[in-house]
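Every number in this text was worked out from the coordinates using simple rules, so none of it is lab data. Nothing here was measured: the structure is a model prediction, and the numbers come from that model. Note that we place each Cβ from the backbone using ideal geometry, even for glycine, and neighbour counts take in every protein chain shown.
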Amino acid sequence: MYQFISLENGNFISKYTIGWSLVMSPFYFIADIWARIGNYPHDGFSWPYQCMMAIGSSFYTLLGLVFTRKVLLHFFNDKITAIVLLLLVFCTNYFLIQFISLGSSHTLEFCFIALLIWLTIRFHEQATTKNAIALGICIGIIGLIRPPDLILILLPFSWSIRKWGGLKGKIQYFLQSERKKTVLVFISMIAILSIQSIFWKITTGHFIINSYMNNAGEGFDWFTPYTLDVLFSFRKGWLIYTPIMLFAVIGLFIWKKRDSTNGIFPVLTFFIFLYVVSCWTTWWYAASFGQRSMVDVYPLLAIGFGFFILNLKSKRTKVIFTGIAILFMTLNLFQTYQVSKGVLHTSLMNKEYYFSTFGQLTPPTEAQKDLLLIDKGVAYFEGFHNKDKYKICFSKNYPFPKKFELNDVIIYTPSINVMPSSVSQKDHFWLRCTWKYDGTTEQLNGKIFTASAMHHNQGYGWVGRDINDSLVHVDTLKKTVVFENLCPDIRSTSDPIRLGIWKQAGLPIQIKSVLVEGFERK
């Protein structure tokens, strides 16, 4: 349910935009008819819906490859095109995304970005009304599926510019020579994008909303990108799990040198896309094999692949590259198999675990599992139970004013803000809060012990527990309440962890102090 936002008017909306639903709707409606005729539950989840979603995903996968081939044939002969498609499918995480992670939005984006490049080529060859409308619709669909990918609008509007000085000529081309067609592109694009605004208006009362409003821990931080992590982290590093794509990036620069019509702008578009991907605070993009977000731009990188291969002149370099490609293909398919069998984790990888399971086909041992990053979703329910693996790294007592009382007027304790950087530099840590009170157990009823990370005064990773929770420990002799909390994934180094007590109900109670202790892995 984390994917849905509860609105004040009683409606629920998905935090994701409407593009996936739009392009998959033909398959949904077929499934709906099938379910009604075949006496299946027409609930979106029964067999006809599952089957048609798989068929729809496969359709867009094949369509994406068809348009990628069309793009490649514009630059290369059939042999190089075939080699590039072979490398793209079997040497990269494209294989897992397209054929195992059915229904992924990246499957759709790969398809429509391949179509975007092909339509860009067609538009520049012949700026017809038909091509202009198709180009605008394609851009709009890309934006509806994944709004950050709208950055790729740079491709059609910078295509065939060889030098920086050519920008002026291209602007004149769009605003003077092909002004009507350019207007058609934008009208078509806005018409498609407006579907989202109309949906939001109907459901929320507003044309534009922040669909991630319920989680301040996710968003774009433009001045603190995680580019090195996106590229080289063992958790989800793109070039760690898909190393052959380095040749495709090199090929983009070769494209700039060898192609007399295009210059630096396709290269810049790729790096701007990489930057945007890197600025998302949860840069590992949930469960996937490697960086799933980079699959979107593979149709552009396919051109780089082609130019890299075209640049291999001597027999020796061709043999060396063939050997490397076979090695990376073997590695990719083997690791894809490891993911399918649960040997490689889809979100909690690190260097130690990666090398401990390298080449392994059997399920990971408990000792190996201990090497993984902690699963914060599971830890929320299990609590801080394996304390022997941790050491204390922070301790500070926070006293309250004498006879401070939570009552019907003062329902919150003064905030205790703990900076994560002062506690630990490790990937996670636990906070133990020992609250001292003066009163009876009955007075503790209705009091919620809370912890939350704060970003610009908005909370995320909020946890609240009362004394009836099995993970809250009450000592009536010492008159203490112990509340333990795992630090969430921190969005910014300036985001504090805010600790407190909320009097939700019950009798007044005096709070004397809180001892905050931090624990990190040994």
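Taking the Cα atoms only, what angle lies between the long axis of helix 179-204 and the longest principal axis of the chain, rounded to 10 degrees? That works out to roughly 30 degrees.
Across region 477-483, coupling constants 3J(HN,Hα) worked out from phi with the 6.51/-1.76/1.60 Karplus curve, θ = phi - 60°, read 6, 7, 6, 10, 10, 9, 10 Hz, and Gly and Pro carry x. With 10 Å bins beginning at zero, the pair-distance distribution over Cα atoms of region 272-313 amounts to 25, 41, 25, 9, 0 %.
Secondary-structure-derived ellipticity at 222 nm for the chain, considering helices only, amounts to -14500 deg cm²/dmol, per-run term -39500 (n - 2.57) for DSSP H runs with n ≥ 4.
Computed from the alpha carbon positions, the gyration tensor of region 376-521 leads to an equivalent ellipsoid with semi-axes of 25, 17, 14 Å, biggest first. Karplus-derived 3J(HN,Hα) values for region 405-413, using 6.51 cos²θ - 1.76 cosθ + 1.60 with θ = phi - 60°, are 10, 8, 8, 5, 8, 9, 9, 10, 6 Hz; glycine and proline are entered as x. What the pair-distance distribution of the chain shows, using all Cα-Cα distances binned every 10 Å from zero, is 3, 15, 23, 23, 18, 11, 6, 2, 0 percent.
Across region 73-89, computed HN-Hα scalar couplings (Karplus, 6.51 cos²θ - 1.76 cosθ + 1.60, θ = phi - 60°) run 5, 5, 9, 10, 7, 5, 5, 5, 4, 5, 5, 4, 4, 4, 5, 5, 7 Hz from first to last residue, x flagging Gly and Pro. Pairs of alpha carbons in region 7-53 separated by more than 14 Å make up 55% of all such pairs. For the chain, averaging the sequence separation of C-alpha pairs within contact (under 8 Å, six or more residues apart) and dividing by the residue count gives a relative contact order of 14 percent. Taking Cα atoms only, the orientation of helix 265-279 departs from the longest principal axis of the chain by about 10 degrees.
Comparing VAL339, GLY464, PHE4 along the charge dipole axis of the chain, the residue lying farthest to the positive side is VAL339, per the Cβ-charge model. Working from Cα positions, state the angle (0 to 90°, nearest 10) between the long axis of helix 129-145 and the longest principal axis of the chain. With rounding to tens, the tilt is 20 degrees.
A Cβ-based charge dipole, computed about the Cα centre of the chain with Lys and Arg at +1 and Asp and Glu at -1, lands at about 1800 debye.
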